[in-house]
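Here the structure is laid out as structure tokens; the discussion comes afterwards.
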Amino acid sequence: MAVPQTQLPGWTFEALYDDYRQALAEDEVLYDSRTEHQRIRVFTNPRFGRVLTLDDVVQTTEGDEFIYHEMLTHVPILAHGAARRVLIIGGGDGGMAREVLRHSAVERVTMVEIDAGVVAFSKKYLPGLSAGAFDDPRLELVIADGAQFVRDCADRFDVIIVDSTDPVGPGEVLFTDSFYGRAKACLAAGGILVTQNGVPFLQGAELTNTMRAFRALFADATCYLATVPTYAGGPMAFGWGTDGDARRTPAETLQDRFAAAGIETRYYTPEVHRGAFALPGYVLRLLP
């Protein structure tokens with residue numbers, strides 16, 4: 001009898017979809033444990049290095065994490081142009097905080113992660129992702145439910161980044177209309193909210209639902225794209241919501257801000273920034 005497709009020894013199969021599977025070879029399993037919230041695994045893959053999965057869904061890899069983290073941080077921060085206070089919801093591996101803190105003009109980063117176990121093991125097993133971010137005095141780490149945090153928060157932020165898991169389990173509440181409304185209430189004037197919204201080719205309803213909420217909340221609501229190899233199925237969508245006109249920041253201004261920031265990137269460029277908002281037809285048709 002053939003071995004079932006999802007049980008081949010030495011392979012991890014991501015079962016996010018009923019009719020589609022991604023598989024990654026495992027050289028070595030470094031960590032496998034279940035917390036109060038989810039199962040956490042870290043293994044090595046010959047192409048992508050160390051791979052982090054939550055409930056067997058790929059969250060990040062050493063090989064391509066820079067694409068995701070650069071595009072969710074530098075796009076809103078450089079578009080804003082004067083971001084001083086940044087809120088990250090999720091991001092327990094520290095990669096998002098790492099990229100935000102590369103901006104010396106950012107004075108305070110508040111990172112709200114529901115699962116302290118993700119932070120602890122990321123420091124040990126994926127230290128390159130945070131690259132010292134957890135030791136930066138500008139970072140305030142809060143172990144709490146992100147939805148509850150924005151509901152109770154009296155602070156205001158220039159940029160809010162929702163680095164959530166997929167809308168299942170503990171991440172599900174971060175895709176609701178009420179969460180988005182409360183997150184908007186935490187924005188300062190001209191603030192920008194960005195979110196991860198999955199791969200539209202396979203998760204179209206996720207993007208549609210978020211954009212429906214955003215268009216009821218923001219004067220400027222859309223998404224932008226980036227291709228992250230281990231988020232299989234095509235480019236990933238990032239939600240964008242603001243009441244300002246930061247999305248229309250001229251290319252020359254973005255170039256000046258990028259140069260002034262003195263940041264070296266592997267994916268982000270001002271030209272990629274502008275082009276990421278040019279959406280293919282099938283994505284446009286998902287926008288309400």
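No value in this document is a laboratory result; all are computed from the given coordinates. Note that the structure is predicted; figures quoted are calculated from it, not measured. Neighbour counts are summed over all protein chains in view; Cβ atoms, including those assigned to glycine, are modelled from backbone coordinates with ideal geometry.
One table, with the values for the structure above:
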item: Point-charge dipole on Cβ atoms (K/R +1, D/E -1) for region 1-84, about Cα centre, debye to 20; result: 200
item: Mean-position separation - Cα centroids, region 214-288 and region 83-145, in angstrom; result: 22
item: Principal-axis tilt of helix 65-80 within the chain, Cα atoms, nearest 10 degrees; result: 10
item: Nearest-ten-degree value, helix 116-125 long axis tilted from longest Cα axis of the chain; result: 70
item: Listed residues 199, 75, 142, most fluctuating in the chain (Gaussian network, C-alpha, under 10 Å); result: 142
item: Most fluctuating residue given options 220, 136, 93, as computed from a GNM of the chain linking Cα atoms under 10 Å; result: 136
item: Neighbourhood net charge (11 Å Cβ-Cβ; Lys/Arg +1, Asp/Glu -1) for residue 73; result: -1
item: GNM top mover of 36, 140, 26 - the chain, alpha-carbon springs below 10 Å; result: 36
item: Inter-label distance for residue 260 and residue 47, nm, one decimal - labels placed 7 Å from Cα along Cα-to-Cβ; result: 4.1
item: Electrostatic dipole magnitude of the chain [Cβ: Lys, Arg +1; Asp, Glu -1; Cα centre; debye, to 20]; result: 600
item: Nearest-0.05 FRET efficiency for residue 116 and residue 154, computed from C-beta distance (R0 22 Å); result: 0.40
item: Estimated inter-spin distance, residue 56 and residue 176, nm [label 7 Å along Cα→Cβ]; result: 2.8
item: Proxy reagent accessibility, fewest Cβ within 10 Å first, across 53, 195; result: 53, 195
item: Cα-based shape type of region 65-284, given that a ≥ b ≥ c are square roots of the gyration tensor eigenvalues and the cut on a/c is 1.5; result: rounded
item: Under the Karplus curve 6.51 cos²θ - 1.76 cosθ + 1.60, θ = phi - 60°, whole-Hz ³J(HN,Hα) for region 21-27, x wherever Gly or Pro sits; result: 10, 10, 10, 10, 5, 9, 7
item: Helix-only [θ]222 nm of the chain, DSSP H runs n ≥ 4, -39500 (n - 2.57) each, per residue, nearest 500; result: -8500 deg cm²/dmol
item: Residues in region 20-34 that a label on residue 8 would reach, taking backbone N under 17 Å of a point 7 Å out along Cα→Cβ; result: 20-28
item: Region 5-61: C-alpha gyration tensor shape, a/c 1.5 cut-off, then a/b vs b/c; result: oblate
